[in-house]
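Chemist: Below is the structure I would like to discuss, written out as structure tokens.
The values are calculated or read from the model by the stated rules, or taken from the named source; none is laboratory data. Values in this document were obtained by computation on a predicted structure and should not be read as measured data. Neighbour counts run over all protein chains shown; Cβ positions are idealised from the backbone, glycine included. Surface accessibility is based on the protein's heavy atoms, side chains included, excluding ligands, DNA and RNA. Shrake-Rupley method; radii C 1.70, N 1.55, O 1.52, S 1.80 Å.
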Amino acid sequence: MVTVRIRRAALESALEAANNTYPDEFIGIFRGKKEEDGASLTELIIAPFSTYGDGFSSYSDYHIPANVGALASFHSHPHPPALPSKGDLQFFSRSLPFHIISCPPFDGANAFDSRGKKIALEVV
Ligand SMILES: [Zn+2]
């Protein structure tokens, strides 16, 4: 089973940012390291050129800096469900290996692989 482990502080920063950005979408990236069965995410990176509120399409052109250990994207939806949209799936397929989505009330999140299949998210 593919599992993404995430440090509680990293997830909480992202959920808090999502809550603060609501009703706009918050976009971020988690760095960490690859594991045999998935990844361990340790830290939220917010790129200075992120644009919020333009919808997820702006994220498609989002430039992810090389060699920061970026392994997973994070974004919020203004409404449930925290499941990938069509646009999200397109982005997932040509981006990072893992993706995390949250939605109000921002008390949790779902993780997906690059094909949009739900995978385990374990808070550590
Ligand atoms: Zn989305």
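Chemist: Kindly check whether there is at least one residue in segment 56-77 that is farther than 16 Å from Glu25 by Cβ, modelled with pLDDT under 90 and either of a type in the set (Val, Ile, Thr) or touching a His at 6+ places or on another chain (Cβ under 8 Å) (or both).
Modeler: Looking for residues that are farther than 16 Å from Glu25 by Cβ, modelled with pLDDT under 90 and either of a type in the set (Val, Ile, Thr) or touching a His at 6+ places or on another chain (Cβ under 8 Å) (or both), one finds at least one in segment 56-77, hence yes.
Chemist: Go through segment 9-25 and give me each residue that's more than 14 Å from the chain's Cα centre (by Cα) and within 21 Å of Ser40 (Cα to Cα).
Modeler: Within segment 9-25, Ala9 is the sole residue that qualifies.
Chemist: Would you check if His99 is within 11 Å of the chain's Cα centre (by Cα) and near the ligand (Cβ under 8 Å from one of its atoms)?
Modeler: So His99 does not fit the description; no.
Chemist: Going by the structure shown, is Asp107 more than 11 Å from the chain's Cα centre (by Cα) and either modelled with pLDDT under 90 or not in a loop (DSSP other than H, G, I, E, B) (or both)? Before the answer, list the steps.
Modeler: On the way: more than 11 Å from the chain's Cα centre (by Cα): yes; either modelled with pLDDT under 90 or not in a loop (DSSP other than H, G, I, E, B) (or both): no.
Against the criterion (more than 11 Å from the chain's Cα centre (by Cα) and either modelled with pLDDT under 90 or not in a loop (DSSP other than H, G, I, E, B) (or both)), Asp107 does not qualify.
Chemist: Here is a further query. Quick one: would you say Gly87 is over 27 Å from Glu36 (Cα atoms) and at pLDDT below 90?
Modeler: yes
Chemist: Taking segment 66-95 only, how many residues are open to solvent by less than 20 Å² (accessible area, probe 1.4 Å) and either assigned to a loop (DSSP other than H, G, I, E, B) or near the ligand (Cβ under 9 Å from one of its atoms) (or both)?
Modeler: The number of residues fulfilling the criteria is 5.
Chemist: While we're here: Which residues, taken from segment 102-124, are more than 12 Å from the ligand (Cβ to nearest atom) and aromatic (Phe, Trp, Tyr)?
Modeler: Phe106
Chemist: Right, Ile6: in contact with a helix residue (DSSP H, G or I) (Cβ under 7 Å, 6 or more places away or on another chain), of a type in the set (A, V, I, L, M) and open to solvent by less than 70 Å² (accessible area, probe 1.4 Å) or not?
Modeler: Answer is no for this residue.
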